[in-house]
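K.L.:
Dropping the structure in here first, questions after.
The values are calculated or read from the model by the stated rules, or taken from the named source; none is laboratory data. Everything quoted here is computed from the prediction, not taken from an experiment. Note: ideal-geometry Cβ built from the backbone for every residue, glycine included; neighbour counts use all protein chains shown.
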Amino acid sequence: MRQAELFTKLSDHRVRCELCAHRCMLQPGQSGICGVRYNEGGVLYTRVADLVVASHVDPIEKKPFYHIYPGSKSYSVAAPGCNFRCRHCQNYEISQVSQLKGGRLPGRHRAAAELVREAVATGCRSLAYTYTEPTVFFEMMLDVAPLAAEKGLLNLMVSNGYLSSAARQRLYPLIQGANIDLKAWSDGFYRRICGVASKRPVLETISDFVGHGIWVEVTTLLIPGYNDRESELQEMSRFLVSLSPSIPWHVTGFFPTYRLTGVSATPPETISRAREIGLASGLRYVFAGNLPGIGGEDTVCHHCGEVLVERYGFAVLRNQISGAACPACGTPVAGIF
């Protein structure tokens, strides 16, 4: 247990959590939507400042980051909990654990320095806060990120983007890359499927991170009949282009899971069509994900069409990027290489 960052004390021993866009107002003894921050005696505490529920060495493409050190390894860590209630969550066993197991949190207490040592020892070039929702283990990021940077590791975040402005301000100097889920363009989807009021905080996070020089990639998991209308895909594409045509957009396939087992898997043609829409809107790098072999996994020079990074699934088969530029025509390639 540790006193949490970013909260306001209110009257009658109430507190308001200022970490994410929910801004939960909590009575004494009450936990937030995330299930890991709680009010005890008029002070907000976190249960997960050093509670690690998952730690693995992953290919960076699994996050997914396609324009950060292609083919490298990323040490990936998570604490239990999430501030979303996604009905299609692929990691619900650890993200929704406060609901599924009566509030008992699994995991092991691990020091920040231990995590960084393990990342270095396993040959990783980055440390990724991922799997669940890193916003809810904010304090862990604050502890680990400076130590990781001292060892030359990039700090990366895979997030739903539902952060408060105050949380983003604290992360700007610590995080070098973020993959943000833009789950849909419809606020109705966010309410019905994710349990949050609006996509607006997500758009603000994407925009602010880009504006502060953090490398941003965006992922949209396409669920048949829920968020795959062409008009929605066009709106998402236009929004990303308005920030930067160089933002990589990963359009990925859904597989039935958790509370959406009655929905069919995403057809390959839906993924291919979404990719076409993104490219037609002016995005330079749009990738098909979760369905290896359908095409659309390679990084291609937007100027001359040269294949720069050839991929199959999470594997990099060939990487021709030299000096962050196309070897054929010299056009710069956006990213961290």
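K.L.:
List every residue pair whose Cβ atoms sit under 8 Å apart, with the two residues 6 or more apart in sequence or on different chains, where the first one lies in the range 32-58 and is touching a residue at least 60 places away in the same chain (Cβ under 8 Å) and closer than 17 Å to Leu6 by Cβ and the second, anywhere, is in a strand (DSSP E or B) and of a type in the set (Gly, Ala, Ser).
P.N.:
Final answer for the pair search is Arg37/Ser31.
K.L.:
Just a yes or no: is a residue in the range 94-115 outside any loop (DSSP other than H, G, I, E, B), in contact with a strand residue (DSSP E or B) (Cβ under 7 Å, 6 or more places away or on another chain), within 22 Å of Ala167 (Cα to Cα) and of a type outside the set (Val, Ile, Thr)? Working first, answer last.
P.N.:
Taking the range 94-115 as the starting set, the residues that turn out to be outside any loop (DSSP other than H, G, I, E, B) are 94-95, 97-100, 108-109, 112-115.
The next check asks that each one be in contact with a strand residue (DSSP E or B) (Cβ under 7 Å, 6 or more places away or on another chain); those that pass are 94, 108-109, 115.
After this cut, where a residue has to be within 22 Å of Ala167 (Cα to Cα) as well, the list is none.
Checking the range 94-115: not a single residue is outside any loop (DSSP other than H, G, I, E, B), in contact with a strand residue (DSSP E or B) (Cβ under 7 Å, 6 or more places away or on another chain), within 22 Å of Ala167 (Cα to Cα) and of a type outside the set (Val, Ile, Thr).
K.L.:
Right, here's the next one. Could you please find all residues in the range 321-336 being touching a Leu at 6+ places or on another chain (Cβ under 9 Å), surrounded by 15 or more Cβ atoms within 10 Å (Cβ to Cβ) and not aliphatic (A, V, I, L, M)?
P.N.:
Cys326
K.L.:
List every residue pair whose Cβ atoms sit under 8 Å apart, with the two residues 6 or more apart in sequence or on different chains, where the first one lies in the range 10-28 and is at pLDDT 95 or above and the second, anywhere, is aliphatic (A, V, I, L, M) and in a helix (DSSP H, G or I).
P.N.:
That search, which allows pairs on different chains as well, returns Glu18/Ala166; Glu18/Ala167; Leu19/Val136; Leu19/Ala166; Leu19/Ala167; Cys20/Val136; Cys20/Ala167.
K.L.:
May I pose another question? Considering only the range 32-54, state which residues are of a type outside the set (A, V, I, L, M, F, W, C) and surrounded by fewer than 18 Cβ atoms within 10 Å (Cβ to Cβ).
P.N.:
Hits for the range 32-54 are Glu40, Gly41, Gly42.
K.L.:
So which residues in the range 241-256 are touching a helix residue (DSSP H, G or I) at 6+ places or on another chain (Cβ under 8 Å) and not in a strand (DSSP E or B), if there are any at all?
P.N.:
Matches in the range 241-256: Val241, Leu243, Ser244, Ile247.
K.L.:
Of Gly225, Gly213, which residue is within 25 Å of Val333 (Cα to Cα) and either at pLDDT 95 or above or in a helix (DSSP H, G or I) (or both)? Give the steps one after another, and end with the answer.
P.N.:
Numbers: Gly225 fails: within 25 Å of Val333 (Cα to Cα).
The unique qualifying residue is Gly213.
K.L.:
Would you please list the contacts, defined by Cβ atoms under 6 Å and residues six or more apart or on different chains, that run from a residue in the range 126-143 that is over 20 Å from Gly35 (Cβ atoms) to a residue that is hydrophobic (A, V, I, L, M, F, W, C)?
P.N.:
Close Cβ pairs satisfying both conditions: Ser126/Leu153; Ser126/Leu154; Ser126/Leu156; Leu127/Ala119; Leu127/Ala148; Leu127/Leu153; Ala128/Leu156; Asp143/Ala112.
K.L.:
To continue, here is another question. For the range 264-295, name all the residues that are out of contact with any Phe, Trp or Tyr (no Cβ under 6 Å at 6 or more places or on another chain) and part of a loop (DSSP other than H, G, I, E, B).
P.N.:
Ser264, Pro267, Gly282, Arg284, Tyr285, Asn290, Leu291, Gly293, Ile294, Gly295
K.L.:
Residue by residue through the range 308-319, note down the ones that are in contact with a strand residue (DSSP E or B) (Cβ under 7 Å, 6 or more places away or on another chain) and either loosely packed, with under 15 Cβ neighbours inside 10 Å or at positive phi (or both).
P.N.:
Of everything in the range 308-319, those that are in contact with a strand residue (DSSP E or B) (Cβ under 7 Å, 6 or more places away or on another chain) and either loosely packed, with under 15 Cβ neighbours inside 10 Å or at positive phi (or both) turn out to be Leu317, Arg318.
K.L.:
If I filter the range 160-181 down to residues being crowded, with 22+ Cβ neighbours inside 10 Å and in contact with a helix residue (DSSP H, G or I) (Cβ under 6 Å, 6 or more places away or on another chain), which single residue comes out as nearest to Phe209 (Cα to Cα)?
P.N.:
Across the range 160-181, the extreme among qualifying residues is Ala178.
K.L.:
Looking at the range 169-188, can you tell me whether even one residue there is in a helix (DSSP H, G or I), under 18 Å from Arg87 (Cα atoms) and of a type outside the set (Asp, Glu)? Lay out the reasoning, then the answer.
P.N.:
Filtering the range 169-188 down to residues in a helix (DSSP H, G or I) leaves 169-171, 187-188.
Of the ones still in play, those that are also under 18 Å from Arg87 (Cα atoms) are 187-188.
Add one more test, that the residue is of a type outside the set (Asp, Glu), and what stays is 188.
Yes; the residues of the range 169-188 include at least one that is in a helix (DSSP H, G or I), under 18 Å from Arg87 (Cα atoms) and of a type outside the set (Asp, Glu).
K.L.:
Counting only residues that are in contact (Cβ under 8 Å) with a residue 60 or more places away in the chain and assigned to a strand (DSSP E or B), which one in the range 66-87 is farthest from Leu19 (Cα to Cα)?
P.N.:
Applying the filter and picking the extreme gives Ile68.
K.L.:
Moving on. Pick from the range 292-328 the residues that are polar (S, T, N, Q) and touching a residue at least 40 places away in the same chain (Cβ under 8 Å): which of them is nearest to His250 (Cα to Cα)? Lay out the reasoning, then the answer.
P.N.:
Start the filter on the range 292-328 by keeping residues that are polar (S, T, N, Q), which leaves 299, 319-320, 322.
Okay, now just the ones that are also touching a residue at least 40 places away in the same chain (Cβ under 8 Å), so 299, 319.
On the way: Thr299: 12, Asn319: 19 Å.
So the residue we want is Thr299.
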